[in-house]
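J.: This is the structure I have questions about; it appears just below.
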Amino acid sequence: MKKVYAREQYCINCRLCEVYCKTNHSKSKDVVKAYKKESPSPVSRISVYGDSKASVAVNCRHCDDPACVKACIAGAMTKDKKTGIVSVNESKCIGCMTCLAVCPIGCIKISNTAVKCDLCSGEEPACVKNCPNKALVWLEVGGGAK
Amino acid sequence: MINYIPREFDIVRDRERCIDCGCCVRQCGFDCHYFDDDGKTVVADSTRCVACHRCVDLCPTGALSIRKHVCDYKDNANWTPRIQQEICRQAATGGVLLSAMGNPREYPIYWDKILLNASQVTNPSIDPLREPMEIRTILGRKPEKLTAVKKGKSQTEMPPQVMLETPIMFSAMSFGSISLNAQKTLAIAAKNLGTLFNTGEGGLHPELSDWSDYAVVQVASGRFGVHKEYLNNSKFIEIKIGQGAKPGIGGHLPGEKVTVEVSNARMIPEGSDAISPAPHHDIYSIEDLRQLIWSLKQATNNEKPISVKIAAVHNIAAIASGVARAGADIVVIDGYRGGTGAAPTRIRDNVGIPIELALAAADQRLRDESIRSRVSLVAAGSFRCSSDIVKAIALGADACYVASAPLIAMGCHMCQKCNTGICNWGIATQRPELTRRLNPEIAHERVENLINAWNHEIKEIMGGMGINSVDSLRGNRLMLRGIGLSDKELEILGIKHAGE
Amino acid sequence: MLKEGQVRIPSGCAIAAIIDKKGERINGSEIIKSIALMHDRSNGLGGGFAAYGIYPEHANDYAFHVFYDSAQSRKECEDFLFKHFNVDVSEKIPTRKTEKIGLGPDIWRYFALPNKVRMSESRLDEEEYTAQCVTHINTSIDGAFVFSSGKNMGCFKAVGYPEDVGEFYMLDQYEAYLWTAHGRFPTNTPGWWGGAHPFNILDWSIVHNGEISSYDANRRYIEQFGYKCTNQTDTEVITYLFDHLIRHHGLPIDVAADVLTAPEWDEIDNMPAEKKEYFTNLRAIYSGALVNGPFSVILGSNKGLLAINDRLKLRSLTAAVKGNRAYFASEESAIRIVCPDPDEVWSVSGSEPVFIPLELDEKEGSAK
């Protein structure tokens, strides 16, 4: 499956991936409205760690055998057999944060429910599309990141 | 202390659109943008803004714009605000004014006063989409004549030749003055375009050895990074005598830019200023140049053409002829608008002559001496678009060197702060957090797109003239007409006035 | 109005040629018939002929044909000519009165050989000496113009339609083994006799149809080597290119033709190694001599006849052979009217020059 890979040598700490992730997961899909008008405020599913010297964007790895799916007590976290995407069914999620605790990457966030990367449902993810320096790439697994 | 100089720009933030994401804060290498005391609201200090537009171009909501800061002085056509500000800067520092990029002053740009021809009726124009349109260019010394006793077999002993698939090359920019990523970008683009990049006086970084077939390696007065392997890892060798942006003076790479990598490539201690002397201390005359040319040929087993780059100065035609006669295979003339990473402002703005006049004079002089067809003539010093290139070739150039244009393609906004070592676009800097911003994967495509676009335009213009090979454009001054030029200017350019 | 040489005047044209490679002479009426058929391709502003083998009795002398605007210019020119050459015959070229040819210059002919003493003082060989003298007259003596300077050959040209020019010069009285003809369609009209074709220097004569777009590149290339393009015509510059390549660089005539009409790089890149090297070297060395734009050119000389066409085949040129004779013309009909039943007819290709060598007996004259 195609996943998002980060290349830290090109990450420039602009954090636009966060901005565009948040926007793409907003109701309006408009940057200004997503930030200023919408309530609850949409949550970015990708986070850049580091500073100007070294930084990298982190999001869900969509593991082959996801700990979060195993740990979910509500059956809200599932891995789609066809696409491989791990996603949360927000109507089932009870906000217990178990997934957050077991995720080895630390990429699950909590709003009212668990929130995580859904790979923009299979289209080129917004974070990749809008990365100004190709620090994020969308590649087939096994292709590896350069 | 009072700064006697008003700021240059105002950073204008549309609060309606700003989402306080902080992208501008993290991108400005001059620290103009910052989070206010609340840690959330982004504000800006315009005094340090250089109008590089990094924040404007990356702002996800388009909330930023840069305006010229208006602060009028009392009218004075002589003591202009610029002159007054320069005096204040010198009063504060006691130093020589430094600038970067090419001469920005209002001197005539002759390219804009030359018009091109097109075919009508008596001679058909050629459609470049239907017919082959050749821009392949061959540089290097040519024998006097072909030796062939019969058709189809050449018995000519050819000196080394350089075949380019476009008459456009990338001019010298050293690793040190620009980042490795910027140089790598040019190297990749040169390979894919079938042309050459130029190492400048900075040595060849080991990471670029894969592209040595597309490299012109420079030997300048500091001899930085010059060794046998360096000379042999090249397509041709260029002796830099002068540079259009600063004729008559050497170079100065401040110690802050001399990182470990730069120091290795240049073979100088880390952190030391890299100072190229004004003259080559083994060239005090034309016969010394001849010796250096022959030494370099010996060091490379006569396999590399040697070019000599000179700045366009008053007596350029005679100097070019002397250089050709001293054994240079390629003569490069760099006009006064040529760029630089750092030059004293007074020199940049007042020394040298326009490339258009220098090129025309040198080409004619070489013809008057019957040696034009033996050597290659390359023009440098600010080619802004394809029509500038076409005009230069018609005046007599074999090929043109471009540098500023590809830098702009990479992101340069001509803020002219290369000499500070801070470049928000990752080009003219060695700071890793900034150089990282220039991803060669993206940049080489942009540079290639630019040159390919120019190639298309050159072909289109040639087709309109009824010419299908750049060979027939070279020196074809009948394809040019001056507009609004004096008789003397027309005479030097060797062209007629429009309407004649 | 500025005349040719003071201003560059592009022109279109008709061209024709006949050669008998064994040296059998052909009457001038033949070539007149051929060029006359293409009457509409010229506009009455220039016509001319070159004829080889017409002066067997003076085969070793240079035959100078000269236009004079005035008695003064003739005096000046003859002073120069008699000083630099031993002139055997000096005469007016016989012409026939015809209404169709307007008032023109005085037309004289001289058979002469270089003055040995002066030539040795000049340290030039015979051809170079003669060529430089001709250039001197044409550039420095006002009102005098040498329009023909070869051996055992002559050009005849005037302002008018070519068939009328032929009648004017009484070409039906001449016999030649190689004829070329030209009808001119200049796009500007100063009507100067010297501007008509063929253009000639020494043995070389050129008739040309087209307007080359590489003109100034070629002019500035050739002027490096002592030539002065005083006429500013394509024909002049092409003649000088051939003269330079063949006489100064010693290239065989078909190699010189390759220089002017070199194949495209796409083609060269796919050639076998030896041929690829040949064309790559040739294009690298002679980039300034590549001729571009529409042209068809017939080059006459005592070596034979060469026909070349532009690389894109923008101008028409048809060739035909019948026995020992070869025919060339801008239009096929102009061949068929003098040779209704040729063995072979073809369109001259852009990248393949056609060369018909003259195979004369030694006694036939200077041709080798």
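J.: When you scan the range B:382-446 for helices (runs of 4 or more DSSP H) that lie fully inside it, which ones turn up with 1 or more residues that are more than 17 Å from the chain's Cα centre (by Cα) and in contact (Cβ under 8 Å) with a residue 24 or more places away in the chain?
T.: Of the helices (runs of 4 or more DSSP H) lying wholly inside the range B:382-446, those with at least 1 residues that are more than 17 Å from the chain's Cα centre (by Cα) and in contact (Cβ under 8 Å) with a residue 24 or more places away in the chain span B:386-395, B:432-435.
J.: Say whether the condition of being more than 14 Å from chain A (Cβ to nearest Cβ) and surrounded by fewer than 18 Cβ atoms within 10 Å (Cβ to Cβ) is met by at least one residue in the range B:57-66.
T.: Within the range B:57-66, one or more residues are more than 14 Å from chain A (Cβ to nearest Cβ) and surrounded by fewer than 18 Cβ atoms within 10 Å (Cβ to Cβ).
J.: In addition: Which residues, counting only those in the range C:220-260, are of a type in the set (S, T, N, Q) and within 11 Å of chain B (Cβ to nearest Cβ)?
T.: Hits for the range C:220-260 are C:GLN224, C:GLN232.
J.: Across the range B:405-428, what is the total count of residues that are at pLDDT below 95 and not hydrophobic (A, V, I, L, M, F, W, C)?
T.: Final tally of qualifying residues: 5.
J.: For the range C:177-228, which residues satisfy the criterion of being at pLDDT below 90, touching a Pro at 6+ places or on another chain (Cβ under 7 Å) and within 20 Å of C:THR139 (Cα to Cα)?
T.: Of everything in the range C:177-228, just one residue is at pLDDT below 90, touching a Pro at 6+ places or on another chain (Cβ under 7 Å) and within 20 Å of C:THR139 (Cα to Cα), namely C:TRP193.
J.: Also, quick follow-up: Which residues, taken from the range B:150-164, are more than 9 Å from chain C (Cβ to nearest Cβ) and either closer than 11 Å to C:ILE285 by Cβ or outside any loop (DSSP other than H, G, I, E, B) (or both)?
T.: Step one: filter the range B:150-164 for residues more than 9 Å from chain C (Cβ to nearest Cβ), giving B:155, B:157, B:159-160, B:162, B:164.
Passing the criteria: B:PRO159, B:VAL162, B:LEU164.
J.: Inside the range C:201-316, counting only helices (runs of 4 or more DSSP H) that do not spill past its ends, which hold 1 or more residues that are hydroxyl-bearing (Ser, Thr, Tyr), touching a residue at least 24 places away in the same chain (Cβ under 8 Å) and in contact with a Ser or Thr (Cβ under 9 Å, 6 or more places away or on another chain)?
T.: Hits in the range C:201-316: C:215-222, C:234-243.
J.: Do any strands (runs of 3 or more DSSP E) entirely within the range C:18-113 hold 1 or more residues that are hydroxyl-bearing (Ser, Thr, Tyr), out of contact with any Leu (no Cβ under 7 Å at 6 or more places or on another chain) and more than 23 Å from C:GLY195 (Cα to Cα), and if so, which?
T.: The qualifying strands (runs of 3 or more DSSP E) are C:85-92.
J.: Still on this structure, please answer the following. Among the residues that make up the range B:155-169, is at least one of them assigned by TED's automatic domain parsing to the domain that holds B:GLU433, free of Cβ contacts under 8 Å to residues at least 24 places away in the same chain and out of contact with any helix residue (DSSP H, G or I) (no Cβ under 9 Å at 6 or more places or on another chain)?
T.: Yes, the range B:155-169 has at least one match.
J.: Give the range A:6-40 a look and list any residue that's surrounded by fewer than 18 Cβ atoms within 10 Å (Cβ to Cβ) and either within 11 Å of another protein chain (Cβ to nearest Cβ) or without any contact (Cβ under 8 Å) to a residue 12 or more places away in the chain (or both), or say none.
T.: Across the range A:6-40, the qualifying residues are A:GLU8, A:GLN9, A:SER28, A:LYS29, A:ASP30, A:LYS33, A:LYS36, A:LYS37, A:SER39.
J.: Another question, if that's okay. Within the range C:283-306, can one find any residue that is hydroxyl-bearing (Ser, Thr, Tyr), modelled with pLDDT under 90 and out of contact with any Leu (no Cβ under 8 Å at 6 or more places or on another chain)?
T.: No, there is no match, as no residue in the range C:283-306 is hydroxyl-bearing (Ser, Thr, Tyr), modelled with pLDDT under 90 and out of contact with any Leu (no Cβ under 8 Å at 6 or more places or on another chain).
J.: Now for a different question. Going by the structure shown, is B:GLU131 under 30 Å from B:GLY352 (Cα atoms), surrounded by fewer than 18 Cβ atoms within 10 Å (Cβ to Cβ) and not assigned by TED's automatic domain parsing to the domain that holds B:LYS191?
T.: No; evaluated as a whole, the condition is false for this residue.
J.: Is the range B:464-483 home to any residue that is among the hydroxyl-bearing types (Ser, Thr, Tyr), out of contact with any His (no Cβ under 9 Å at 6 or more places or on another chain), in contact (Cβ under 8 Å) with a residue 40 or more places away in the chain and not assigned by TED's automatic domain parsing to the domain that holds B:ALA51?
T.: From the range B:464-483, those among the hydroxyl-bearing types (Ser, Thr, Tyr) are B:469, B:472; that's our starting set.
Among the residues that remain, those that are also out of contact with any His (no Cβ under 9 Å at 6 or more places or on another chain) are: B:469, B:472.
This time we only want the ones that are in contact (Cβ under 8 Å) with a residue 40 or more places away in the chain, so: B:469.
From the residues that got through so far, the ones that are not assigned by TED's automatic domain parsing to the domain that holds B:ALA51 too are B:469.
Yes, the range B:464-483 has at least one match.
J.: Among the candidates B:VAL149, B:VAL162, which residue alone is in contact with a Lys or Arg (Cβ under 8 Å, 6 or more places away or on another chain), more than 18 Å from B:GLY341 (Cβ to Cβ) and either among the aromatic types (Phe, Trp, Tyr) or surrounded by fewer than 24 Cβ atoms within 10 Å (Cβ to Cβ) (or both)?
T.: Values: B:VAL149 fails: in contact with a Lys or Arg (Cβ under 8 Å, 6 or more places away or on another chain).
Result of the check over B:VAL149, B:VAL162: B:VAL162.
J.: Now for a separate question. Tell me, yes or no, whether the range A:58-78 has at least one residue that is of a type in the set (A, V, I, L, M), closer than 19 Å to A:LYS129 by Cβ and out of contact with any Gly (no Cβ under 6 Å at 6 or more places or on another chain).
T.: Quick first cut of the range A:58-78, residues of a type in the set (A, V, I, L, M) only: A:58, A:67, A:69, A:71, A:73-74, A:76-77.
This time we only want the ones that are closer than 19 Å to A:LYS129 by Cβ, so: A:58.
Next, from what is left, pick out any that are out of contact with any Gly (no Cβ under 6 Å at 6 or more places or on another chain): A:58.
Yes, the range A:58-78 contains a residue that is of a type in the set (A, V, I, L, M), closer than 19 Å to A:LYS129 by Cβ and out of contact with any Gly (no Cβ under 6 Å at 6 or more places or on another chain).
J.: Could you tell me which residue of the range C:1-17 is modelled with the lowest pLDDT, considering only residues that are in a strand (DSSP E or B) and within 14 Å of another protein chain (Cβ to nearest Cβ)?
T.: Within the range C:1-17, the subset in a strand (DSSP E or B) is C:4, C:7, C:11-17.
Subsequent filtering for residues that are within 14 Å of another protein chain (Cβ to nearest Cβ) retains C:7, C:11-13.
Working: C:VAL7: 64, C:SER11: 56, C:GLY12: 61, C:CYS13: 82.
The residue in question is C:SER11.
J.: Moving on to the next point. Taking the range B:125-139 on its own, how many of its residues are farther than 30 Å from B:LEU485 by Cβ and either basic (Lys, Arg) or facing chain C (nearest Cβ under 8 Å) (or both)?
T.: 6
J.: Go through the range B:283-313 and report how many residues are under 25 Å from B:TYR401 (Cβ atoms), in a loop (DSSP other than H, G, I, E, B) and at pLDDT below 95.
T.: 1
J.: Return a yes/no flag: does the range B:180-195 have any residue that is over 18 Å from the mean Cα position of the chain (by Cα) and part of a strand (DSSP E or B).
T.: Scanning the range B:180-195, I find no residue that is over 18 Å from the mean Cα position of the chain (by Cα) and part of a strand (DSSP E or B), so the answer is no.
The values are calculated or read from the model by the stated rules, or taken from the named source; none is laboratory data. Note that this is a predicted model, so its numbers are computed, not measured. Cβ atoms come from the backbone with ideal geometry, glycine included; neighbour counts cover every protein chain shown.
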